[in-house]
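Reviewing the structure listed below.
The values are calculated or read from the model by the stated rules, or taken from the named source; none is laboratory data. Note that this is a predicted model, so its numbers are computed, not measured. Backbone-built Cβ (ideal geometry, glycine too); neighbour counts: all protein chains shown. Ligands, DNA and RNA are excluded from the accessible area calculation, which covers all protein heavy atoms including side chains. Shrake-Rupley method; radii C 1.70, N 1.55, O 1.52, S 1.80 Å.
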Amino acid sequence: MITINTNYTKLKASYLFSDIARRVADFTKAHPHKSIIRLGIGDVTRALPDACIQAFHGAVDEMARDATFRGYGPEQGYDFLREKIAAGDFQSRGVDIAADEIFVSDGSKCDTGNIQELFALDAAIAVPDPVYPVYVDTNVMAGRTGVNENDRYSGLCYLESTEQNGFVPDLPCEPVDLVYLCFPNNPTGATATREQLAAWVAWAHEHRALLLFDAAYERFIRDPAIPHSIYEIEGAREVAVEFRSFSKTAGFTGARCAFTVVPRNCRAFTPGGAAQMLHPLWLRRQSTKFNGVSYPVQRAAAAVYSPQGQAQVDGLVDGYLENARIIREKMCNLGFACTGGDNSPYIWINTRQDSWAFFDMLLDKAGVVCTPGAGFGRCGQGYIRISAFNSRDNVEQAMERISDALA
Ligand code: MLT
């Protein structure tokens, strides 16, 4: 008899964004003439930068000729891309990361979900609350938790991110081996200071723990005092893995390209307590279970680092940040306390009422889709997240409709 992995039965029936998509589809079916503006899932709406498109086309043409055709590529990514990432995203900021410490992938969702395979099943895990659901659900699937009661899985340590701590969680006060951090944060849009990140790095050293640092939104940072990478903090190479993505910055949500940084000296431990480097384990995992990102997509991603690519990506990010500014200003003027939107494409809004009720009200009265904060965890109850990823016209129209709905 083939039995299932019963850990799957502990999961909520569907993934948050699938659940929202279903509710919106039901609403559209019931109100076929109502126009809907989507500011829910963080999916970009602007086309790929022209520099990327040119490189993409060129690489597709290479695939059309025997002489330049490429078959399987290196599982960890082509050197031409890894070298550009190391130089452009790290060395240019004085951060010591080399090309062979970069693993190109098809998304940070996959990498943040897959990385937990490297760790013991009895590893004690801490996640922020509210949290990007992938960190939690993948640990549930792996069997690191008990059941979900009152929106929390037993066996997980939840680090509360609230207005009181500026949405940057305090260090754990119980024993923890692995901590997920995300800055600029999804969903709250909050950022962490150099001092706060340094405290996490020192804590990880002291407790022989590991930080999984999701920096998918780093390109939205405008405040020069805020670190873009955990490796800007001294000592972080030994205790942190970092995740980055081209999705939100260069518009690759459909094209798929991201990368994970595993420094050569980043360690976990054997059951006997000896240091074990993670780089060879992740390489082994990726070369066994992953066949790399397609050649044209990697060429398109490499074009992000050309002067034209950089200017075009800045243009995209500036456009989304201006949307974020408009959303935040409008929601503040309507009397709501807001976080994020200044160094992040997400605005986290305290609605002072049930998140899902506010979501339903916005959908029904304004035809605007947001993300209910409660979907990100217990501390998200009462909040909604509005995403800046849409056209200027749609964002302006959505904010008009929200004001009218709340009038
Ligand atoms: C979000 O809306 O939180 C993101 O789009 C989810 C993701 O990147 O997978």
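Got a number for carbon plus sulfur as a percent of the chain's accessible area, 1.4 Å probe? Whole-percent figure for carbon plus sulfur exposure: 51. Each of the peptides 122-134, 375-387, 177-189 was scored by the mean count of other Cβ atoms within 10 Å over its residues; in descending order, highest first, they stand as 177-189, 375-387, 122-134.
Of the two radii for segment 246-369, the radius of gyration is 1.13 times the Kirkwood radius, both from the alpha carbons; that is the Rg over Rh value. When the Cα atoms of segment 306-357 are aligned to their principal axes, the ranges along those axes come out at 47, 21, 14 Å in descending order.
Largest first, how would 346, 15, 72 line up by accessible area (1.4 Å probe)?
The most accessible residue leads, giving 72, 15, 346.
Given their separation in residues at 0.36 nm each and the Cα-Cα distance between them, residue 150 and residue 310 gain 53.1 nm when the chain is fully extended. Across the protein chains, with a 1.4 Å probe defining accessible surface, the residues 294, 92, 245 rank 92, 294, 245 from largest area downward.
One way to sum up the overall shape of segment 15-173 is the equivalent ellipsoid from its Cα gyration tensor, whose semi-axes run 35, 27, 18 Å, largest first. Positive-end ranking of 296, 98, 200 along the dipole of segment 53-307, with charges on Cβ about the Cα centre, is headed by 296. For the listed peptides 142-152, 225-235, a ranking on the average number of other beta carbons within 10 Å per residue, highest first, reads 225-235, 142-152.
Expressed as a whole percent, the proportion of Cα-Cα pairs in segment 1-54 lying more than 18 Å apart is 61%. Straight-line reach from residue 365: taking Cα to Cα under 13 Å and skipping same-chain neighbours fewer than 8 places apart, the aspartates and glutamates in range are 400, 404.
In order along segment 336-346, the Karplus-derived 3J(HN,Hα) couplings, from 6.51 cos²θ - 1.76 cosθ + 1.60 at θ = phi - 60°, round to 9, 7, 10, 10, x, x, 9, 10, 7, x, 10 Hz, and Gly and Pro are given as x. Counted by Cβ distance under 9 Å from residue 160, the other residues give a net charge of -1, where Lys and Arg count +1 and Asp and Glu count -1. Working note: Karplus 6.51/-1.76/1.60 with θ = phi - 60° gives segment 276-289 the couplings 10, 5, 8, 4, x, 6, 5, 4, 5, 5, 5, 6, 8, 10 Hz, where Gly and Pro are set to x. So which of 10/84; 29/330; 84/330; 10/330 end up more than 32 Å apart by C-alpha? Flagged as over cut-off: 10/84; 84/330; 10/330.
Only Cα pairs under 8 Å and 6+ residues apart enter the sum, and on that basis the relative contact order of the chain stands at 23 percent. In the full protein context, the chain carries 42 Å² of accessible surface per residue, based on a 1.4 Å probe and ignoring ligands, DNA and RNA. Here the chain is treated as an ellipsoid with the same Cα gyration tensor; its semi-axes, largest first and in whole Å, are 32, 28, 21. Once the Cα-Cα distance is subtracted from the 0.36 nm per residue extended length, the residue 61 to residue 222 segment shows a gain of 54.2 nm. Tally the DSSP beta bridges in the chain and give the antiparallel ones as a percent, rounded to 5. Of the beta bridges lying entirely in the chain, close to 55 percent run antiparallel. Modelled label positions at residue 396 and residue 205, each set 7 Å beyond Cα in the direction of Cβ, lie 5.2 nm from each other.
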